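The values are calculated or read from the model by the stated rules, or taken from the named source; none is laboratory data. Everything numeric here is computed off the predicted structure, so don't read it as measured data. Cβ placement follows ideal geometry from the backbone for every residue including glycine, while neighbour counts extend to all protein chains displayed.
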Amino acid sequence: MSYDERTAARIRTLLGKRRDVVERKMFGGLTFMVNGAMCCGITSDALVVRVGPAAYERALAEPHARPMDFTGRPLAGMIYVDPPGYRTDRALARWVQRGLDFVLQRPSARGKRSQTRAR
């Protein structure tokens with residue numbers, strides 16, 4: 001399982017004050033679960049962000065964003081962001097916040113506990 005450890009560390013810093021974050025190996029990389037739901041992650045070559053169906057098309061219009069289609073079919077509400085799109089700390093923070101915005105507004109995520117150990 002290969003992913004960019006430097007980017008993972010940057011995401012950890014952004015999510016560091018939250019107590020509801022769990023890291024899980026998934027999609028050939030590392031994902032960050034917040035409140036029991038996948039928020040974002042990192043693979044060998046891209047940031048993964050769960051923006052949700054309502055924000056999907058708007059997110060795809062951003063530079064360096066593309067559909068998450070590792071199975072050959074795009075996953076609704078999930079996108080890849082290529083490295084130039086999250087190179088700066090500000091850009092990465094913006095993408096991670098979009099994932100948080102979606103996850104925290106999901107009613108099914110409220111109060112749900114992950115069975116994976118917290119970091």
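Restricting the stretch 5-38 to residues that are acidic (Asp, Glu) and surrounded by 13 or more Cβ atoms within 10 Å (Cβ to Cβ), which is farthest from Gly77 (Cα to Cα)?
Asp20
When you scan the stretch 1-24, how many residues do you find that are of a type in the set (Val, Ile, Thr) and either part of a strand (DSSP E or B) or on the phi > 0 side of the Ramachandran plot (or both)?
Count: 2.
Suppose we filter the stretch 39-65 for residues that are buried (at least 19 other Cβ atoms within 10 Å of the Cβ), under 10 Å from Met78 (Cα atoms) and touching a residue at least 40 places away in the same chain (Cβ under 8 Å); how many remain?
Residues meeting the conditions: 5.
For the stretch 67-84, which positions are surrounded by fewer than 21 Cβ atoms within 10 Å (Cβ to Cβ) and in contact with a helix residue (DSSP H, G or I) (Cβ under 7 Å, 6 or more places away or on another chain)?
The answer is Pro67, Ala76, Gly77.
Where in the stretch 25-79 are there strands (runs of 3 or more DSSP E), lying fully within it, with 2 or more residues that are β-branched (Val, Ile, Thr) and at pLDDT 95 or above?
Qualifying strands (runs of 3 or more DSSP E): 29-34, 47-50.
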